[in-house]
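One structure is given below, encoded as structure tokens.
The values are calculated or read from the model by the stated rules, or taken from the named source; none is laboratory data. What you see is a predicted model, and the numbers here were worked out from it, not measured in a lab. Here the Cβ positions follow ideal geometry from the backbone for every residue, glycine too, while neighbour counts run over all protein chains shown. The accessibility values were calculated without ligands, DNA or RNA, using every heavy atom of the protein model including side chains. Shrake-Rupley method; radii C 1.70, N 1.55, O 1.52, S 1.80 Å.
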Amino acid sequence: MPPRTIIEPFRIHSVEPLRMTSEAERREAVIGAGYNLFSLRSEAVLIDLLTDSGTGAMSSEQWAGIQRGDEAYAGSPSWYRFEAAVKTLFPMPHVIPTHQGRAAEKILMTAIGGPGRVVPNNTHFDTTRANVEATGAEAVDLVIPEALDPALEHPFKGNMDLARLDAFLAERARDVPAVFVTITNNSGGGQPVSLENIRGVRKLCDAHGVPLFLDACRFAENAWFIREREPGQGARDVADIVRDIAALADGMTMSAKKDGLANIGGWLAVRDDELAARCRNLLILTEGFPTYGGLAGRDLDAIAQGLQEVVEHDYLRYRVRSTGYLGDGLRQAGIPVMRPVGGHAVYIDARALLPHVPPLEYPGQALAVALFVAGGIRSCEIGTVMFGRHPDGSERPAALDLVRLAVPRRTYTQSHIDYVIEICAEVASRAGDLRGYRIVAEPPALRHFTARFEPLAS
Ligand code: F0G
């Protein structure tokens with residue numbers, strides 16, 4: 001029998017001190033931030049679960065890569081190491097480096113989007129949607145209906161609804177420049193997509209003559225779930241599963257801030273020569289020369305090394321289990337969380353935990369602020385604050401009011417996570433006392449980043 005305890009497959013080489021704060025200090029900080037956790041100085045945060053993007057710890061080999069980085073403007077060895085590492089997993093002829101995922105989205109959508117076009121996806125991440133819509137095109141989400149029920153167990157809750165995709169393509173294929181599959185499905189709770197489902201999408205794309213693209217930010221976590229959950233995949237090497245996924249796609253966008261294990265970076269990869277030429281011309285306008293994109297040579301080296309480490313089984317076993325451990329702990333404390341727990345984050349169902357706070361009084365915001373004041377934990381509201389305001393000026397409750405606890409890679413230890421569980425349980429035990437908020441100032445769009453709030457009187 002293998003040992004039951006799954007340990008962090010690394011030891012600590014360099015430490016970053018956390019500054020302990022008192023509840024009074026945190027209360028003062030959050031008042032100064034207008035009760036918006038994005039407006040906090042991060043030194044005031046004890047455990048920062050705002051995002052898993054660019055917040056992970058690099059390995060000693062990645063730091064060695066930073067030193068090895070060669071800053072030649074064109075044709076640097078760092079670029080060739082980066083390109084080779086990408087092609088080892090995603091053997092596509094054209095790899096175009098960008099400073100992060102949304103830059104790859106912007107370039108691709110500028111090349112293939114436009115008015116009258118429509119892009120189906122299991123679920124668009126918000127920057128992907130914004131980049132589709134910024135060109136005048138339409139973004140359509142066709143995830144399976146099971147994904148919309150937070151309590152329902154399903155091994156591949158990120159799957160595309162193939163019947164709806166087929167019907168959609170039968171009607172609109174001529175307007176579809178690409179079908180996207182987001183692995184894992186972040187907006188749906190970090191849920192994986194099965195290999196069988198991606199094969200099904202490929203078949204439909206072939207039948208209707210449209211290309212298939214991956215939004216591959218968390219490809220390694222997705223491949224690990226395939227290995228764990230999909231019949232016949234359990235004995236396979238994750239890197240081979242990734243290559244199988246890559247073989248099904250005509251192109252991809254990627255944020256190396258997630259499964260690149262780096263603090264910055266991304267890329268766009270395509271098979272089509274003519275599309276690649278157009279994208280490289282756009283790259284030169286906004287990112288840089290095609291052998292560095294928006295990155296320094298040292299960043300390219302950090303990503304090249306990160307791509308080798310991210311598909312290691314010991315790493316992925318620890319990674320997925322440590323997120324699951326947080327979800328299990330919260331669930332045992334009676335806190336409603338989205339099931340099953342995804343790869344990079346645990347989502348608390350704030351509407352279920354705070355049924356006395358109506359959606360337009362922002363239960364997710366109330367919970368997120370309470371977690372910060374109680375224990376210095378920074379989370380992210382994903383609900384009516386984020387999605388409730390519409391371009392016509394109206395405000396409506398979002399489909400769900402969630403609070404995301406995103407786990408940075410290789411950054412926090414099990415005792416940090418035990419502390420998070422303890423604080424969440426303490427806040428949940430007095431959930432009935434939490435009050436809602438009202439917004440006192442908000443910008444015309446993307447209000448969650450800068451809105452200011454006031455607590456409602458009890
Ligand atoms: N696609 C997905 C599925 C993402 O989760 C993200 C970023 C992006 C694209 C954009 O990548 O940030 O490098 O420009 N998600 C982060 C998050 C910001 O917190 O979930 P980027």
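Volume per residue, Å³, of the convex hull around the alpha-carbon atoms of region 314-394?
Values: hull volume 9.8 nm³, N = 81.
In region 314-394, the Cα convex hull volume per residue is 121 Å³.
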Exercise. SER42 versus HIS313, label points 7 Å from Cα toward the beta carbon: distance in nm?
Worked result: 3.4
For this session: For region 264-312, state the average projected area of the convex hull of the C-alpha atoms over all orientations, rounded to one decimal in nm².
Result: 3.9
Problem set entry | Computed over region 60-309, Kirkwood Rh from alpha-carbon pairs, angstrom | 18.1
For this session: List the relative contact order of the chain as a percent without decimals, with contacts defined as Cα pairs under 8 Å and 6+ residues apart.
Result: 23
Seminar exercise, completed: Rounded to the nearest 10 Å², the accessible area of ASP299 using a 1.4 Å probe with every protein chain kept is 40
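Please work out the FRET efficiency for the pair LEU152 and VAL440, using the Cβ-Cβ distance as r and a Förster radius of 30 Å; give the result to the nearest 0.05.
Numbers: r = 37 Å, r/R0 = 1.24.
With R0 = 30 Å, the Cβ-Cβ based efficiency is 0.20.
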Seminar exercise, completed: Whole-Hz Karplus couplings 3J(HN,Hα) for region 385-401, θ = phi - 60° and coefficients 6.51, -1.76, 1.60, Gly and Pro as x, run 5, 6, 10, x, 8, 10, x, 7, x, 6, 10, 9, x, 6, 4, 9, 10
Seminar exercise, completed: With every protein chain in place, the accessible area of TYR292 for a 1.4 Å probe, in Å² rounded to the nearest 10, comes to 50
Exercise. Quick one: Karplus J couplings for region 204-219, per residue in order, coefficients 6.51, -1.76, 1.60, θ = phi - 60°, nearest Hz, x for Gly and Pro?
Worked result: 5, 4, 5, 4, 9, x, 10, x, 10, 10, 9, 9, 9, 3, 10, 4
Exercise. Rounded to the nearest 10 Å², what accessible area does SER53 show when all protein chains are kept and the probe is 1.4 Å?
Worked result: 20
Problem set entry | Most to least accessible of ARG4, ARG351 (protein chains only, probe 1.4 Å) | ARG4, ARG351
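Which value does Rg/Rh take for region 1-139 over its C-alpha atoms, Rh per Kirkwood? Write out the running numbers ahead of the final one.
On the way: Rg = 21.3 Å, Rh = 20.1 Å.
We get a ratio of 1.06 for region 1-139.
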For this session: Could you rank PHE180, PHE125 by how accessible they are, 1.4 Å probe, largest area first?
Result: PHE125, PHE180
For this session: Calculate the tail of P(r) for the chain: the fraction of all Cα-Cα distances greater than 43 Å, expressed in %.
Result: 11
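Which FRET efficiency value, to the nearest 0.05, is calculated for ALA84 and GLU133 with the Förster distance at 22 angstrom and r the Cβ-Cβ distance? Numbers along the way, then the final one.
Working: r = 35 Å, r/R0 = 1.60.
Given R0 = 22 Å and the Cβ-Cβ separation, E is 0.05.
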Exercise. In square nanometres, what is the average projected area of the Cα convex hull of region 393-447?
Worked result: 6.3
Seminar exercise, completed: Accessible-area order for LYS106, LYS87, LYS203, largest to smallest, probe 1.4 angstrom, reads LYS203, LYS106, LYS87
Problem set entry | For region 284-290, 3J(HN,Hα) per residue [Karplus equation, 6.51 cos²θ - 1.76 cosθ + 1.60, θ = phi - 60°, Hz, x = Gly/Pro] | 5, 5, 10, 10, x, 5, x
Problem set entry | Cut-off under 5 Å, modelled amide H: who pairs with LEU268 long-range | ILE96, THR98
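Kindly work out what percent of the DSSP beta bridges joining two residues of the chain are antiparallel, to the nearest 5. Each step should come with its number before you reach the end.
On the way: 26 of 39 bridges.
The answer is about 65 percent antiparallel.
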